[in-house]
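Step one of this worksheet: look at the structure below.
Every number in this text was worked out from the coordinates using simple rules, so none of it is lab data. Keep in mind that what you see is a predicted model, and the values were worked out from it rather than measured. Positions of Cβ are generated from backbone atoms using ideal geometry, with glycine treated the same way; all protein chains shown enter the neighbour counts.
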Amino acid sequence: MGGIGGCVINNPETMGKTLRSILIKQSHLGFDGTGIAIIKNSKINIIKSPKRAKEFVQIDHLEKLSSNIGICDVRHATHGRPHLDNTQPLDDCNGEIAVAMEGVIWNYSIIRDRLSEKGHIFKSRTDAEIISHLLEDYIPKNGLLDGIRKTYFELDGSFSFAVIHSKYPDKIAIVNKDSNVYIGRNENGIYFATEIDAIRDLVLEFLKLNFDKLALITQDSVEIIDLKKGIPESFEWQPIAEAPKGNVPGGWPHFMLREIHESTLWLKRAIMTPQKVYLDLAASILNDSKKIFIIGCGTSYHAGMISSYIFRELAGLSPTIIDAAEFTYYSLKEVKTGTTVIAISQSGASTDVLRAVSKAKLHGAIIIGVTNSLGTPLMFASNVYLPIGIGPERAVPATKSFLGQIIALYQLIIATGLQNNFLNEKEAKEIFSHLYKLPRIVEETIAMTQDKAREISEQLYKRNSLYVVSRGLNYPIALEGALKFKETAYLHAEGVEAGELRHGPKALVYNNFPVILIMPKIPDAVEDSYKLISEIKQMGGNPIIITNKGDKTSRKLSKNVIYVPNVPRIFTPIVNAIPLQLLAYYTGIKRGSPIDVPRGLSKAVIL
Ligand code: BG6
């Protein structure tokens, strides 16, 4: 995953400068490796490093590169840790082809095994490398266009990729399956990138490459081909507009809002990222364990808490969920050989998690790491790790990574339940069929809740405190929602178990005190929640309800109802998290909070 770019230009001396500029402008798309490939004297020349773009572009000879044709890549690692061998672009066995890919290929291991058996030598552990080896087989027999089409039809996933081939030294082929690809032109050549902002200053006109299309670009031409039909199609250039005002690439005001909206695409990829072999390995470790702990901090702890409910429901296992910082004091004495610790951390670097992991290992525990960041201490400390594959997250308040963690953990739980026969194939298939719909449902949730969240934030921003209340599987969402208000809006908020509200917290519910109630999807809990809302109203509180669109009663009880799509109960945490993220975001905006960089916090708390 990451960002790709490149150009075919008439002045070879400007190649280094141009690729450098594209890399810098896409540097936020991946921190785990940077590389370029050019064609020089009919030979592919790849320069790469497992470093972030800002360090890579310091290489002395980069600016001096001379070529008319080049591609580049910044990498977010999911398949293979940050390492020179795993850095893109990647070539084929003969060094004739270089490929830069953005996204994920779901069925890569089957293809890789087949190609390995045929004698292809793989240099990396990436999913992307299969593309150059497929092209190596297909282009000589089918020509460039049909060779790429044949390759494309073998790949299942969510991606775009760019190819240069030493036998076609005047062309770049760019394929878009399910990503962003912008192509632009000026009098000196044709340019492309994942982010429009990466080429905005270079070009006069641009086009967006649609899904299932191939673009063949030369110095002065662009041909768009429908990959399914194999025939060229017409297109129109659009004048490039000035960069939209916004602090964040893409014209977004904040990374947090961009990352909430990006959840749709990235969830699709998160579903495709964990590999069956590692899920099964982790599942067998869990099924052989005498005791299981789940640990994490902040948002990761809440994701773990949700999974602890689902482990009971779908895998028949009863892990203990405990905050990583508290683990040493509460649980360490119980850790011995036969204990497994599932350690969750977006950054893979939180000291509290690493400390707990290291102490648990000293007591004989096996570690299953769940992280969005490979090459980190958590990855190295884990016996098995599962990448979340949700793309880089820049805002300190975690949003899309929370959804990604839930998805990775659900996949682990399903694998575990299938292995120990708690779940049968039919049940697992049914759960997966809903899981695959989540990216679309997330998109729908954002569209359904955004305006209402903005509207309700008008009532929240002047308050000093609020409660977020729920029960069952959505109790962790109440905790997570409260955390989002604290981090994002600098507004004190407390997550409260719905029944517990009556045991003390209710005393503060007067004078319009906001109580955000996430309606649980459990029949008896629903009835009790309606009762609770009436009690909140009687006390003079302001109930704000998050519920599914089929709920007719809530609208009679409050004017502040946020409707989310109706999904099976186990997926309600996903749809309920989004309006809370948006509420916290818009309340933060009204309160003038810095949103992405809350004071005193950092993306990973490293002590
Ligand atoms: C804190 C962040 O620093 O770390 C939280 O403010 C985050 O948003 C927590 O949830 C845990 O981070 P990680 O990287 O271990 O998941």
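The slack between I231 and E63, meaning 0.36 nm per residue of separation minus the straight C-alpha distance, is 56.7 nm. Express in whole angstrom the spacing between the alpha-carbon centres of segment 63-123 and segment 195-261. Centre-to-centre distance over Cα atoms comes out at 23 Å.
Shape analysis of segment 2-239 places it in the rounded category; the axes a ≥ b ≥ c from the Cα gyration tensor give an a/c below 1.5.
For a straight C-alpha distance cut-off of 23 angstrom, the lysines reachable from K291 (same-chain residues fewer than eight places away being disregarded) are K333, K336, K359, K361.
Which whole-percent values make up P(r) of segment 488-582 when all C-alpha to C-alpha distances are grouped in 5 Å steps starting at zero? Spelled out per bin, shortest first, that is 3, 12, 25, 26, 20, 11, 3, 0. By the count of other C-beta atoms within 10 Å, a proxy for reagent exposure, D524, D156 are ordered fewest to most as D524, D156. Here the calculated FRET efficiency for A507 and I24, from their Cβ-Cβ distance with R0 = 60 Å, stands at 0.65, rounded to the nearest 0.05. Neighbour counting of Cβ atoms within 10 Å sorts the residues F56, F235, fewest neighbours leading, into F235, F56. Using the empirical formula 2.2 N^0.38 Å as the baseline, the Cα radius of gyration of the chain reaches a ratio of 1.00. Helix 255-272 and the longest principal axis of the Cα set of the chain meet at an angle near 80°. Using θ = phi - 60° in the Karplus curve 6.51 cos²θ - 1.76 cosθ + 1.60, the 3J(HN,Hα) couplings for segment 10-17 round to 7, 10, x, 5, 9, 4, x, 5 Hz; x is entered for Gly and Pro.
Ordered by the number of other Cβ atoms lying within 10 Å of each residue's own Cβ, fewest first, F311, F432 fall into the sequence F432, F311.
Its DSSP H runs of at least 4 residues, each contributing -39,500 (n - 2.57), put the calculated 222 nm mean residue ellipticity of the chain at -12000 deg cm²/dmol, to the nearest 500.
Checking every one of the chymotrypsin sites (Phe, Trp or Tyr not before Pro) in segment 323-382 against DSSP loop status and a limit of 13 other Cβ atoms within 10 Å picks out no site at all. I want to verify the translational diffusion coefficient of segment 250-423 in µm²/s; compute it with Stokes-Einstein, Rh as the Kirkwood radius over Cα pairs, at 10 °C and 1.306 mPa s. The diffusion coefficient I find is 100 µm²/s. Over the C-alpha atoms of segment 217-257, the Rg to Rh ratio, Rh being the Kirkwood estimate, stands at 1.21. With the highest mean first, a sort of the peptides 241-250, 292-301 on other beta-carbon atoms found within 10 angstrom per residue produces 292-301, 241-250.
Give me the aspartates and glutamates in straight-line cross-link reach of K228: C-alpha distance below 16 Å, same-chain residues under 8 apart excluded. Counting by Cα, and skipping residues close in sequence, K228 has these aspartates and glutamates nearby: D146, E154, D156, D178, D212.
Over 21 Å apart at the Cα level, from the set K54/K177; K506/K537; K150/K171; K245/K452, are K54/K177; K245/K452.
The charge dipole of the chain, taken about the Cα centre with unit charges on the Cβ atoms of Lys, Arg (+1) and Asp, Glu (-1), comes to about 1360 debye, rounded to the nearest 20. Sorting 35-47, 580-592 by average packing, meaning the other beta carbons within 10 Å per residue, from highest down gives 580-592, 35-47. Summary of packing: across the peptides 224-230, 571-577, 22-28, the per-residue average of other C-beta atoms within 10 Å ranks them, highest first, as 571-577, 22-28, 224-230. Of the trypsin sites (Lys or Arg not before Pro) found in segment 480-560, those that fall in a DSSP loop while having at most 13 other beta-carbon atoms within 10 Å are K549, K552, K559. Each listed q (0.10, 0.13, 0.15 Å⁻¹) maps to a log10 I(q)/I(0) for segment 442-607, found by the Debye formula over equal Cα scatterers with no solvent: -0.33, -0.56, -0.75.
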